[in-house]
Amino acid sequence: MNANFLPRSFLILALLFAAETGVQAQWLTQSFGLKAGWNAVYLHIDARHDTLDNLVGSDVSNPIQEVWLWDPSADAAQFIKDPQTPAQVNNWLNWVRVSPSSATLTRLPGNAACLVRVTSDYTWNLKGKPVAPNHDWSGSGLNFLGFPTLAGAAPTFDTFFLPAPALKFSAEILRYAGGAITDNPVPVLDLTSTQVRRGEAFWIRSPSFNRYFGPFDALLGSASGIDFDESLGQHSFRLRNRTKANLTIKLEMITSETAPSGQIAIAGVPPLLVRGTINLTNLTYAFSALSSPVSITLKPDGDLGSDVEVVLGLNRSAMSFPAGSLVAGVLRMTDSLNYSQIDVPVSATMNSSAGLWIGNAAVAKVNQYLTTYYTAETDAIMNTLLTNLTLLPAPAGVTYGRDATSKRIIKFTSGNGVYLVKNVNTDSTDVARPYPLRLIIHNDPSNKATLLQRAFVGLDTGGKQIVATKESLLDPKELASARRISAAHLPFTAANAGWPFSGPLALTANITATATVNYDDQVSNPFLHTYHPDHDNRDALFTGTLGVGEESYIVSRLFRLVVSPPADNFASLTAAATQFSGQYIETITLTGRGGFTRSFDVSGAFTLNRITSTTTLTSN
């Protein structure tokens with residue numbers, strides 16, 4: 001093989017192989033049974049996390065001497081009848097044990113075919129990240145590729161190519177059987193006995209463009225897999241039947257192997273859900289947990305139902321790992337013919353609830369304060385009633401009388417009188433229409449949640465997005481793209497320091513915060529009207545300030561948020577990273593003269609959505 005000519009595409013590939021070494025991955029080991037001489041292997045895993053020098057060259061007992069990787073992008077129209085005959089364009093990258101410093105192949109990508117020369121029979125176990133099939137067939141020229149068949153009992157070409165007649169009846173197939181390069185490759189003449197073994201690469205000349213990999217296609221959008229990252233809750237892909245009969249696809253989660261040295265440790269398997277049918281009564285989707293295999297039946301190719309969308313969800317409420325932990329596994333898809341096995345890496349990062357959360361509380365109930373009083377039409381009736389209530393005879397300094405107009409009974413003490421209270425109704429009642437209250441909460445990484453009256457989201461002078469308590473902290477040139485979010489029902493202060501909650505905003509949290517407005521706060525106290533002489537908290541001559549309870553009260557608002565677990569439906573369970581909801585309870589306490597207080601309770605429901613994961617609240 002002549003490796004002196006290296007196309008530009010190979011140089012780009014080499015740079016990419018060298019760069020992608022720290023990729024988060026789910027790990028599987030692929031085994032290749034190599035015979036002495038030349039072997040063709042197909043990589044269903046991506047092993048770019050380490051170099052060939054380390055994976056192969058560092059083991060002196062390893063009989064692998066050469067690895068040659070085929071790249072058809074160099075000349076897609078080229079067809080070589082005899083692979084021993086040098087071509088004008090070199091489609092190979094190579095690694096040779098005796099001269100590793102001159103290697104043009106340093107790392108092994110997935111979905112790639114290689115020639116491997118060994119000096120003796122050898123089982124090569126290679127650990128890497130599984131990849132879904134992804135190969136562009138060449139309509140003219142050679143395709144050097146493998147098929148994702150089951151690792152156990154592999155089908156023969158005759159049965160495997162049934163859904164692809166052009167391949168079954170017209171394809172030209174060659175394979176390597178070990179031994180000298182002069183004896184390889186050899187034509188596959190009997191399709192009924194030659195197995196399509198997983199991990200073996202074949203030269204195939206197709207008379208027409210083809211994308212056949214097996215009896216079903218998994219259209220993932222990317223061979224690199226499914227990554228929910230820190231905030232995504234759903235991911236969809238399509239399954240397509242390539243056969244003319246019903247085909248059942250089994251989905252199951254496979255636990256990742258231990259990560260190689262130097263790679264990120266995997267904390268656990270992501271708890272995946274598969275969305276089912278919609279309930280037209282409440283418009284929620286049923287779901288199945290992938291803790292057990294889930295089967296999906298596809299109708300015959302061309303029929304309605306032969307191509308279906310599969311929606312996967314990540315149930316973050318079932319994850320209890322430290323924030324930032326990597327959870328990963330392998331989604332394995334097999335068909336009822338036992339022909340294909342497609343392994344798809346699935347990963348997610350354990351999210352924290354840090355960031356800025358915006359939402360509303362809808363006040364739906366108010367605890368009323370309705371007082372009823374004892375009444376009597378005559379003094380005689382009043383005295384009889386007071387006797388029955390054991391209030392007569394009255395103690396020293398206490399007398400009773402009647403209001404001539406309302407007939408209410410008055411209790412006099414020390415010259416002052418109050419109506420005699422019969423009952424106070426503080427029951428919670430529904431309001432005519434829920435009243436919305438804006439909620440702005442910043443949750444920082446130290447599990448400190450703060451209720452804010454306003455927040456500013458935009459770029460600072462360094463071009464970094466921040467969440468700030470003041471507009472002056474933003475870049476004045478970028479204010480057009482900035483956003484101010486305000487809660488008008490909360491008291492305004494210039495510092496906008498906010499009010500700390502008793503704990504973090506998180507799943508199943510039960511947290512409280514208190515905002516107090518002083519009785520003389522001319523900016524925020526609702527009982528004060530600065531320019532009205534009866535409600536300005538000033539005396540008649542405007543020379544002094546009145547005391548608490550004269551014209552205004554101290555207002556204390558105790559907010560309680562009780563976060564509810566997600567509802568048992570697909571949408572709620574998969575939105576746990578970006579949405580919280582639950583019960584909103586507020587106690588409003590008014591303090592008047594002499595420290596006398598009266599409290600009122602309101603309640604309802606709240607929903608919060610995280611609009612940014614910026615963890616720092618910038619205040620200076």
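Bear in mind that the values in this text are calculations on the coordinates, not laboratory data. Quantities reported herein were computed from a predicted structural model and do not represent experimental measurements. Neighbour counts run over all protein chains shown; Cβ positions are idealised from the backbone, glycine included.
Among the trypsin sites (Lys or Arg not before Pro) in segment 364-412, which ones are in a DSSP loop with at most 16 other Cβ atoms within 10 Å of the Cβ? Mind listing them? Don't skip to the answer; put the middle values down first.
Working: sites: LYS365, ARG402, LYS407, ARG408, LYS411; in loops: LYS407.
Those that pass, being in a loop and sparsely packed, are LYS407.
Please enumerate, by chain and number, the aspartates and glutamates with C-alpha under 17 Å from the C-alpha of LYS35, excluding those fewer than 8 residues away in the same chain.
Qualifying aspartates and glutamates at Cα under 17 Å: GLU66, ASP121, ASP183, GLU200.
Can you give the net charge of the other residues whose Cβ lies under 13 Å from the Cβ of GLN522, counting K and R as +1 and D and E as -1? Before the final figure, lay out each step's value.
Working: positive: ARG538; negative: ASP520, ASP521, ASP536, GLU551.
Once positives and negatives cancel, what remains is -3.
Using Cα atoms only, what is the angle between the long axis of helix 379-388 and the major principal axis of the chain, expressed in degrees (0 to 90) to the nearest 10?
Relative to the chain, helix 379-388 is tipped by roughly 50 degrees.
Kindly express, to the nearest 10 degrees and within the range 0 to 90, the angle between helix 8-19's C-alpha long axis and the longest C-alpha principal axis of the chain.
Roughly 50 degrees between the two axes.
Can you compute the label reach from SER31? Point 7 Å from Cα along the Cβ direction, backbone N cut-off under 18 Å, restricted to segment 145-165.
Zone members listed by number: 149-155.
Evaluate E = 1/(1 + (r/R0)^6) for SER292 and GLN583, where r is the Cβ-Cβ distance and R0 equals 30 Å; express this FRET efficiency to the nearest 0.05. Each step should come with its number before you reach the end.
Numbers: r = 34 Å, r/R0 = 1.12.
E(calc), rounded to 0.05, equals 0.35.
Could you work out the local net charge near LEU191, counting Lys and Arg as +1, Asp and Glu as -1, over the other residues with Cβ closer than 13 Å to its Cβ?
Values: positive: LYS168, ARG175; negative: ASP158, GLU172, ASP190.
Taking every other residue near LEU191 into account, the sum is -1.
Would you indicate which of (i) 43.3; (ii) 36.0; (iii) 39.2 is the value of mean projected area of the Cα convex hull in nm² derived from the coordinates of this structure?
It is the value labelled (i).
In square nanometres, what is the average projected area of the Cα convex hull of segment 370-425?
Values: hull surface 16.2 nm².
If you wrap the Cα atoms of segment 370-425 in a convex hull and average its projections, you get 4.0 nm².
Treating only the Cα positions of segment 236-291 as identical point scatterers, give the base-10 log of I(q)/I(0) from the Debye formula at each q in 0.22 Å⁻¹.
The calculated log intensity ratios at q = 0.22 Å⁻¹ are -1.00.
For segment 371-433 and segment 137-210, what is the separation of their C-alpha centers, rounded to whole Å?
One Cα centre to the other: 100 Å.
Any idea what the dipole of the chain comes to, in debye rounded to 20, about its Cα centre with Lys/Arg Cβ at +1 and Asp/Glu Cβ at -1? Show your work: numbers first, answer last.
Working: 45 positive and 48 negative charges, 111 e Å.
The dipole magnitude comes to about 540 debye.
Starting from the Cα of ASN388, step 7 Å along the direction of its Cβ; do the same at THR530; then give the gap between the two resulting points in nm.
Distance between label points: 5.7 nm.
Taking neighbour Cβ counts within 10 Å as the exposure measure, how do PHE596, PHE216, PHE321, PHE237 sort from fewest upward?
Numbers: PHE596 11, PHE216 26, PHE321 14, PHE237 18.
Starting with the residue having the fewest Cβ neighbours, the order is PHE596, PHE321, PHE237, PHE216.
Need the list of lysines near LYS244 for cross-linking: C-alpha distance under 18 angstrom, and skip anything on the same chain fewer than eight residues off.
Answer for LYS244, where 18 Å is the Cα cut-off: LYS168, LYS299, listed by chain and number.
Pick out, in residue order, every one of the trypsin sites (Lys or Arg not before Pro) in segment 220-329 that is DSSP loop and has at most 16 other C-beta atoms within 10 Å; say none if there are none.
Passing both the DSSP loop test and the Cβ count: LYS244.
So how much slack lies between SER481 and THR399, counting 0.36 nm per residue of separation and subtracting their Cα-Cα distance, in nm?
Working: separation 82, 0.36 × 82 = 29.52 nm, distance 7.08 nm.
Result for the pair: 22.4 nm of gain on full extension.
More than 19 angstrom separation, counting every C-alpha pair in segment 504-606; what % is that?
Summing the P(r) of segment 504-606 above 19 Å gives 57 percent of all pairs.
Rounded to the nearest 0.05, what FRET efficiency is calculated for PHE596 and GLU471 with R0 set to 45 Å and r the Cβ-Cβ distance?
Efficiency computed from Cβ-Cβ geometry: 0.65.
Given +1 on the Cβ of Lys and Arg, -1 on the Cβ of Asp and Glu, and no further charges, what dipole in debye does segment 370-425 carry about its Cα centre, rounded to the nearest 20? Spell out each step's value before the answer.
On the way: 5 positive and 3 negative charges, 22 e Å.
The calculated dipole for segment 370-425 is roughly 100 debye.
Order of 197-203, 394-400 by packing, highest average Cβ count within 10 Å first? Display every interim value, and only then the final one.
Values: 197-203: 21.6, 394-400: 11.0.
Ranking the peptides 197-203, 394-400 by packing returns 197-203, 394-400.
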